[in-house]
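Below: one structure, written as structure tokens.
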Amino acid sequence: MDCLPRELVPEILSRLPIPSLVQSKSVCRAWRILIQDQEFVDKHFKRMIDNYPSFILQIIGNAIQNQLYFGDFSSHPNGGNAMITKKLTIPPLSNFHLVSSCNGLLCLRFTRPSFGLCIYNPFTRDYIELPKIITKNPASHHGSVLGFGLDPTTKKYKVVEVSYKGITCRTLPRRVAISSMRRPPLTAAYASSIESEVYILTVGSPTWRNFGRFPFHLMWQKSQVLVHDKLHWIYYPDTINATDLIMSFDLANEQFNEVPRPDFISSDMRFHELVVLRGCLSAVSSDNEGLEIRVMKEYDVRESWVKEFSIGTYVPRILQPNDQCESGNNSRFYLPKRSIRVLCQLRSGGLLLEYRNKALVIYDPHCRIFHDLQVTFAGISTYFRIVVHVASLNWIETT
């Protein structure tokens, strides 16, 4: 490398996958400084967006619930329809689950020895515990919705927590907490007892800031929805009104704003998930026929919402009864649409879908064909959860 022109070194390193790039930090001091430079991080971010996506997978299971794996498509010798995973070192926490992510940094909630949050870089193994939220009556705050992102003006990371008072996650409105999806809508009397407060923490600061009361109920999401430096959630004005609305939080000016929703969704097909496709805010809705995805082509412009994809009914082979696997897919096996999650759009134009935390499927919208994706773990065959779409490599700064 010493004989290479200096300008070629960043070009070569920016094409490396994240694990290899982390190892390259140890080559010399000059490479370490280069790899941690924000301009280089941005270059690596753009190249990863333009190529196959990478993921962090968290294994589900009582005995192995704290295991994290890194997986990407490009590392598999056969390419496209397979993903090889590599086990990652976990932070020194006895029990945790991933609640949010940004630029490859993971926001983890741990429960032992006490409840708390930390930011963890699974590639450099750096982590910091965040300060606790101090409230007048901390025992009254049981449910919360979290967001994590980078302030584009200060280049500081921020964590946003909307805490619901007097209830637990299992008793939040059916569209606020996924654990209560099967519960009926709350009564008006019960809804009026739900209060929420917003807290904001700049990572590195010793204390959270109380943003005040929040009059809406946000829907808990499995994946971070960060577009135009704004966090996004589906929200409901109250627990009686079933209207699906979109709320954003600007990480720079710390303001909540309503984002125009698709106004052409029929009354029997409301969107239940937000996702980012090719950098655009997208809304996923479902009915008995399958999924529909609408994309906001121009951010914050109502008229730019367009119906981009229609995905029919499909049951992955791994979820079919054993006696039916040989006969191919059979749509008679009902799979609730809300157990299907849209993860991202691949460079090929296909959509990567997750089914019941167990199966990954690539859907080809041009040929309308489903391809089951083989996921290989290091000796483990079990349920998993895709918890984050890794788009970049960043480093934790506390000052």
- Message: For the full complex of protein chains and a 1.4 angstrom probe, list Leu150, Leu130 by accessible area with the highest value first.
- Response: Leu150, Leu130
- Item | Over 25 Å (Cα to Cα) - which of Lys86/Lys307; Lys155/Lys358; Lys156/Lys222; Lys25/Lys155; Lys25/Lys86; Lys86/Lys155 fall in this group | Lys86/Lys307; Lys155/Lys358; Lys86/Lys155
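The values are calculated or read from the model by the stated rules, or taken from the named source; none is laboratory data. These numbers come from a predicted model, not from an experiment. We work out accessible area using only protein heavy atoms, side chains counted, and drop any ligands, DNA or RNA first. Shrake-Rupley method; radii C 1.70, N 1.55, O 1.52, S 1.80 Å.
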